[in-house]
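These notes are about the structure you will find just below.
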Amino acid sequence: MLCMADLVRTCHAAIHFSLLRVALETVTRMLCRGCGDTLEDANCYLTQVGAKVYRSNCCRPCKRAQMATIRQLRKLHTRPPVGASCECCARINKLQLDHEHEGAREFHGWLCKSCNIGIGHLGDSAEGVAQAVAYLAWQNSEN
């Protein structure tokens with residue numbers, strides 16, 4: 001027979017587990033990075049690699065619009081010839097189309113993968129790059 005203290009502990013554990021499950025569902029729910037809608041299997045692209053299935057971070061309509069923009073930019077700005085260098089670092093490498101992700105989605109240039117990803121991770125802005133330069137200068141002065 002359960003005593004009152006055991007019954008209270010069991011109820012608290014059940015309530016705690018229920019709240020934890022709801023919080024976990026809220027945290028694991030993915031939202032489209034374009035429009036903010038909840039991503040579900042029906043409205044996003046799924047990619048299978050081995051036994052794992054990955055869900056894209058954009059819903060189907062946003063992904064289609066993004067790809068249409070990239071196709072249009074590629075028509076307007078032809079790929080440079082093989083052996084052309086990156087407009088940022090001047091390395092000769094396979095080049096990628098760099099474009100604005102928000103607003104007018106304008107063409108920026110042809111960059112190598114490293115520069116394109118690096119600049120993107122710094123927020124695609126001069127302020128982000130300036131903060132990184134300031135950080136590196138501070139690190140060098142400390143050493």
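What the phi angles of the range 55-64 give under the Karplus curve with 6.51, -1.76 and 1.60, with θ = phi - 60°, is a coupling list of 9, 5, 8, 10, 6, 4, x, 5, 5, 4 Hz, glycine and proline written as x. When the Cα positions of TYR54, CYS44, ALA65 are compared along the charge dipole of the range 32-76, ALA65 comes out farthest toward the positive end, with charges on each C-beta of Lys, Arg, Asp and Glu.
The rule of thumb for compact globular proteins, 2.2 N^0.38 Å, goes into the C-alpha radius of gyration of the range 80-143 1.30 times. Which far-off residues, 5 or more places away or on another chain, put their amide H under 5 Å from the one on GLY109, with H placed in the peptide plane? Correct list: ASP98.
Full extension of the segment from LEU31 to ALA126, taken as 0.36 nm per residue of separation minus the current Cα-Cα distance, would add 31.4 nm.
Quick note: the coordinates plus some simple rules give every number you see, no bench work behind them. The structure displayed is predicted, hence computed values, not measured ones. Cβ atoms come from the backbone with ideal geometry, glycine included; neighbour counts cover every protein chain shown.
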